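A.B. asks: Here it is: the structure, laid out below.
The values are calculated or read from the model by the stated rules, or taken from the named source; none is laboratory data. Keep in mind that what you see is a predicted model, and the values were worked out from it rather than measured. Please note: Cβ atoms are built from the backbone with ideal geometry, for glycine as well, and neighbour counts cover all protein chains shown. Only protein heavy atoms, including side chains, enter the accessible area calculation; ligands, DNA and RNA are left aside. Shrake-Rupley method; radii C 1.70, N 1.55, O 1.52, S 1.80 Å.
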Amino acid sequence: NAGVTQTPKFRILKIGQSMTLQCTQDMNHNYMYWYRQDPGMGLKLIYYSVGAGITDKGEVPNGYNVSRSTTEDFPLRLELAAPSQTSVYFCASSYPGRGQYNSPLHFGNGTRLTVT
Amino acid sequence: DQQVKQNSPSLSVQEGRISILNCDYTNSMFDYFLWYKKYPAEGPTFLISISSIKDKNEDGRFTVFLNKSAKHLSLHIVPSQPGDSAVYFCAASPPGTSGSRLTFGEGTQLTVNP
């Protein structure tokens, strides 16, 4: 049981290039999320998904796209990389809890992206 | 607009003493609060949570206190251990999201000295 797996761990992009950050989870969680963390800042929600085929914008979605074709995978796409997208990206998942609240988020170990 | 704020970037305590990490929030609609711990090169891991109908939740060495009137929560770690050295994030969730779609504070680096 690997949990939430993110690839790659590190990547350097040139301005204008595109790339896909991969995220997969083997816990059969319905909900998945992408966050970014800038130095000295908290994590900010980019996109989230409540199930396959359903995605929605978070707080900072501009410059990103996502898809959720399966329960396991939630890739994050950067189409035209900009220096402002230099950050550490975390994928997370959760499942509906028995009570009022979903389970806490389970995070991957992050992808460190530098755009120069 | 930073809705969840951790005003102390760092905190240093001696092993065995109490660590108190603080967090303030501005959105009175938040109804669920969590603390996460993060080691370098790893993702955050869940530590403890509290719903807005409670004012205290305890789990072993960790206790979270919520003061809704002051819009303030704190995490107490007693006794502190060197392995507790990490960045601690508080997070809050708006109603209707079942504790998801978290808003995070900036984090506090806790260092526990042997």
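A.B. asks: Determine ³J(HN,Hα), in whole Hz, for all residues of the range A:24-41 in sequence, where each value follows from phi through the Karplus function 6.51 cos²θ - 1.76 cosθ + 1.60 and θ = phi - 60°; x replaces Gly and Pro.
C.D. replies: Those phi angles translate into 9, 10, 10, 9, 6, 7, 6, 9, 9, 9, 10, 10, 10, 10, 8, x, x, 10 Hz.
A.B. asks: How many percent of Cα pairs in the range B:1-72 exceed 17 Å?
C.D. replies: Taking all Cα-Cα pairs of the range B:1-72, the fraction more than 17 Å apart is 52 percent.
A.B. asks: Hand me the trypsin sites (Lys or Arg not before Pro) from the range B:18-80 located in a DSSP loop with no more than 11 other Cβ atoms within 10 Å, in residue order please.
C.D. replies: For trypsin sites (Lys or Arg not before Pro) across the range B:18-80 that sit outside H, G, I, E and B with at most 11 neighbouring Cβ atoms in 10 Å, the list is empty.
A.B. asks: So which residue, out of A:Ser87, A:Ser49, A:Ser18, gets the largest mean-square fluctuation from a GNM of chain A using Cα contacts under 10 Å as springs?
C.D. replies: Looking only at A:Ser87, A:Ser49, A:Ser18, the biggest GNM fluctuation is shown by A:Ser18.
A.B. asks: I'd like the FRET efficiency for B:Gln81 and B:Glu42, computed as 1/(1 + (r/R0)^6) with the beta carbon distance as r and R0 of 25 Å, rounded to 0.05.
C.D. replies: About 0.90, to the nearest 0.05.
A.B. asks: Roll a 1.4 Å probe over the protein chains and send me the accessible area per residue for the protein assembly as shown in Å².
C.D. replies: On a per-residue basis, 47 Å².
A.B. asks: Follow-up question, since we're still on this one. What aspartates and glutamates could a cross-link reach from B:Lys56, if we take a straight Cα to Cα line under 17 Å and drop same-chain neighbours fewer than 8 places away?
C.D. replies: Straight-distance partners of B:Lys56: B:Asp24, B:Asp31.
A.B. asks: Full extension from A:Ser84 to A:Ser69: what is 0.36 nm times the residue separation minus their Cα-Cα distance, to one decimal in nm?
C.D. replies: Taking A:Ser84 through A:Ser69 to full extension adds about 2.6 nm, to one decimal.
A.B. asks: Using a 1.4 Å probe on the protein heavy atoms only, what accessible surface does A:Glu59 show? Give it in Å² to the nearest 10.
C.D. replies: Near enough 100 Å² of accessible area.
A.B. asks: Which order do A:Leu76, B:Leu11 take when ranked by solvent-accessible area (1.4 Å probe, heavy atoms of all protein chains), largest first?
C.D. replies: Largest accessible area first, the list is B:Leu11, A:Leu76.
A.B. asks: Binning at 10 Å from 0, report for the protein assembly as shown what percent of all alpha-carbon pair distances ends up in each bin.
C.D. replies: That works out to 8, 33, 35, 20, 4, 0, in percent per bin.
A.B. asks: On the principal axes of its Cα set, how long, how wide and how thick is the range A:4-115? Give whole Å, largest value first.
C.D. replies: 45, 31, 22
A.B. asks: Another question, if that's okay. Counting partner chain Cβ atoms within 10 Å of every residue's Cβ in A:89-99, what's the average?
C.D. replies: The mean count of partner-chain Cβ atoms within 10 Å per residue comes to 2.
A.B. asks: Under 19 Å from a point placed 7 Å out from the Cα of B:Asn27 along the Cα-to-Cβ direction: which residues of the range B:71-114 have their backbone N that close?
C.D. replies: Under cut-off, by backbone N: B:71-74, B:89-107.
A.B. asks: From the phi of every residue in the range A:83-99, what ³J(HN,Hα) in whole Hz does the Karplus formula 6.51 cos²θ - 1.76 cosθ + 1.60 yield, where θ is phi - 60° and glycine or proline is x?
C.D. replies: Residue by residue, the range A:83-99 yields x, 5, 8, 5, 5, 9, 9, 10, 9, 9, 9, 7, 9, x, x, 6, x Hz.
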